[in-house]
Amino acid sequence: MTQADGEHSDPAEKLHIGRAVARDGLLDALARAHFQRVPGSEDRWRGMLAFQPTGEAGPTTKATMVEIVIPGEFPFEPPKVHPISQVRAEVVTGRTLDDYHEAGNGWHRDHDNAMCLFTEGDHTLLSWASGEQLLDQARAWLTRDANGWAEDEPASDLDRYLQPSQDRRLILYGELGGLDGKVLQLRAERNNVLRVGGVTAPRRRGPRSGQRVWQADAVLVLDAGDLQAPIRTWDDLLVAVGPERAKTVTDAHQSGLAKVLITYRRSRVQGVLGVALERDGDGGLALASLRAAPDDLATRTIRAHSNMAELKRKRVAIVGVGAIGSIVADLLHRSGVGELHLIDSDLVLPGNTTRHLLGDDAVGLPKARAVAKVLKRARPRFGTVTWSDKTLKSVDETLRVLGSHDVVVDATADSTATAMLTAAAQAGTGQLLSVCVLGDGYAVRVDRTPTRPGDVPLPSPHLPPPSDPTYETGCGSPVSAVPPAAVWEAAAIAARHTIGLLLDPKAVASGEQRILGRGADQ
């Protein structure tokens, strides 16, 4: 073995040993709980879990037999815990089990009927890697199941109860209210997307045939109302939608329809489930989940700022939409600021695209215009974006900009422009936030003007000696050596302070300065 081979094998060997140790720890915990390996299976273990449901007369102890399947990638993949029926448990034990709890087959079982023990938030903790914790979690699941899942949180993602369809295109839908029982056309778009369109009708199978069939890309909308149990099978679907809609979907399927969008409610939470009607291995009808997602304003804004409703009423001007200014504009637009006005007279050059929001397709365009276009194209339903390709050359013009916006962000990196904006803001015209990167990325800084009464302006940092200047062909000025990470960090701080000024000016300090150090992004 070469030295290079050894260097690569040591980490792999350590990882293999670590996984083996974790597996042995789980097996030890199972052995202490009197679990035994299922005959003919190396990684399936069977045992009884005892627990005490609450709310019953007296301290009655219940028990459920479970089988635990240890995956090959354990502990980086959680084990599967399957509850066993009482009939099968009695066959296995050879005795009558009077205090047996038959696990429910409701919301808290996965599509393979394993117990749903861990949420997405648990996956960073690998809480199942501890055998004792895994068994405790299974006991807690059985206890809550025996108690009827009191105060249960709604599970609005019904995809988990179905195997995914072989058709992995994404269906985008808008408002589906009033479309119950209607068949809608799916329009193919780029990026493997199908968009729900208007109501459609079946077509004749042939020119002389009286039989009508549905096109492949048609989808039936059915309202299942308040769901009492997850939809796992064709029969579950028919029961959930009721007799009248069951006849509708059955007739439609017999005429070739293969896709359904099911609208439903659970604990007042609205949901939509896309299903494909597919044949299983036995020739029967099975359900498979389709990728479906809403495309409306509420969906697009739910991840914006929590105070978006108030931010929609605010106006912000950004003077200088170079690297920092373009990212600030993007963050404020994503957050839901109602109106952005971008001011910059420069054109986008090829070298700008390394640190800028814009890419090569914007080279040659005015920066302000190009950034405005990108923001409006990315989020057309968000706030308005206007632009100007002229610089602020006069005090009067500067005063007008400050006076007509709730906050003005100075991202010019131009001492003359900053001095004029600062003087106008100190005169009491409006709120100014200046942002810059210092010392080739050594520090990032934002300053508020005017400051709050009693606030002391930030001191200037002690900067290291400047690096040797770098020049590019065709440019007489040295090129800034600021790394992209410092640009993004400065923009994020500026956006956060800007939103603070828009929502609660009294709570925003005079500024913020962060020392990153030389080469902090390397």
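The values are calculated or read from the model by the stated rules, or taken from the named source; none is laboratory data. Being a predicted model, the structure only gives us computed values, none of them experimental. Quick reminder, even Gly has a Cβ in these numbers, built from the backbone with ideal geometry, and neighbours come from all protein chains shown.
Inside segment 433-460, can you point out the residues that are closer than 11 Å to ALA486 by Cβ and buried (at least 22 other Cβ atoms within 10 Å of the Cβ)?
Correct list: VAL437, GLY441, ALA443, VAL444.
May I ask you to list pairs of residues, at least six apart or on different chains, whose Cβ atoms are under 9 Å apart, with the first in segment 218-246 being within 18 Å of ALA288 (Cα to Cα) and in contact (Cβ under 8 Å) with a residue 24 or more places away in the chain and the second being of a type in the set (S, T, N, Q) and in a helix (DSSP H, G or I)?
Filtered contacts from segment 218-246: LEU220/THR248; LEU222/THR248.
Name every residue in segment 386-420 that is in contact with a helix residue (DSSP H, G or I) (Cβ under 7 Å, 6 or more places away or on another chain) and more than 24 Å from ALA370 (Cα to Cα), in order of residue number.
Once the filter is applied, which keeps residues that are in contact with a helix residue (DSSP H, G or I) (Cβ under 7 Å, 6 or more places away or on another chain) and more than 24 Å from ALA370 (Cα to Cα), segment 386-420 yields VAL395, LEU399, MET420.
Considering only residues of segment 279-311 that are surrounded by 14 or more Cβ atoms within 10 Å (Cβ to Cβ) and among the hydroxyl-bearing types (Ser, Thr, Tyr), which is modelled with the highest pLDDT?
By that ranking, first place goes to SER289.
I'm told HIS253 meets every condition in (1) outside the structural domain of VAL408 (by TED's automatic domain parsing); (2) more than 26 Å from ARG203 (Cβ to Cβ) except one. Can you identify the failing condition by its number?
(2)
Which numbered condition in (1) out of contact with any Ser or Thr (no Cβ under 7 Å at 6 or more places or on another chain); (2) at pLDDT 95 or above; (3) assigned by TED's automatic domain parsing to the domain that holds LEU237 is the only one that LYS314 fails?
(3)
Could you please give the count of residues in segment 178-197 that are closer than 20 Å to ARG265 by Cα and in contact (Cβ under 8 Å) with a residue 40 or more places away in the chain?
Total satisfying the criteria: 3.
Identify all residues within segment 231-278 that are out of contact with any Asp or Glu (no Cβ under 8 Å at 6 or more places or on another chain), surrounded by fewer than 17 Cβ atoms within 10 Å (Cβ to Cβ) and part of a strand (DSSP E or B); write none if there are none.
Listed by number, the residues that qualify are VAL269, GLN270, GLU278.
When you scan segment 394-404, do you find a residue that is within 21 Å of VAL508 (Cα to Cα), touching a residue at least 24 places away in the same chain (Cβ under 8 Å), assigned to a strand (DSSP E or B) and not basic (Lys, Arg), even just one?
No.
Go through segment 196-226 residue by residue and tally those that are out of contact with any helix residue (DSSP H, G or I) (no Cβ under 6 Å at 6 or more places or on another chain) and either outside any strand (DSSP E or B) or buried (at least 16 other Cβ atoms within 10 Å of the Cβ) (or both).
20
Check segment 136-148 and report whether any residue there is modelled with pLDDT of 85 or more, of a type in the set (Asp, Glu) and in contact with a helix residue (DSSP H, G or I) (Cβ under 9 Å, 6 or more places away or on another chain).
no
Could you list all residues from segment 362-378 that are over 28 Å from the mean Cα position of the chain (by Cα), assigned to a helix (DSSP H, G or I) and either free of Cβ contacts under 8 Å to residues at least 40 places away in the same chain or not assigned by TED's automatic domain parsing to the domain that holds LYS393 (or both)?
If the condition is that a residue be over 28 Å from the mean Cα position of the chain (by Cα), assigned to a helix (DSSP H, G or I) and either free of Cβ contacts under 8 Å to residues at least 40 places away in the same chain or not assigned by TED's automatic domain parsing to the domain that holds LYS393 (or both), then ALA362, ARG369 are the ones that fit.
So which residues in segment 340-356 are in a loop (DSSP other than H, G, I, E, B) and crowded, with 23+ Cβ neighbours inside 10 Å, if there are any at all?
Passing the criteria: ASP344, VAL348, HIS356.
Does ASP152 satisfy being surrounded by fewer than 21 Cβ atoms within 10 Å (Cβ to Cβ), out of contact with any Pro (no Cβ under 6 Å at 6 or more places or on another chain), at pLDDT below 95 and under 23 Å from ALA286 (Cβ atoms)?
no
Taking ALA485, is it part of a helix (DSSP H, G or I) and touching an Asp or Glu at 6+ places or on another chain (Cβ under 6 Å)?
yes
Please go through segment 409-431 and pick out each residue that is crowded, with 20+ Cβ neighbours inside 10 Å, in contact with a Pro (Cβ under 8 Å, 6 or more places away or on another chain) and not in a loop (DSSP other than H, G, I, E, B).
ALA425
Determine which single condition GLY320 fails, assuming it passes every other condition in (1) small (Gly, Ala, Ser); (2) within 22 Å of THR416 (Cβ to Cβ); (3) at pLDDT below 95.
(3)
Any residue in segment 441-462 that is in a helix (DSSP H, G or I) and at pLDDT 90 or above?
yes
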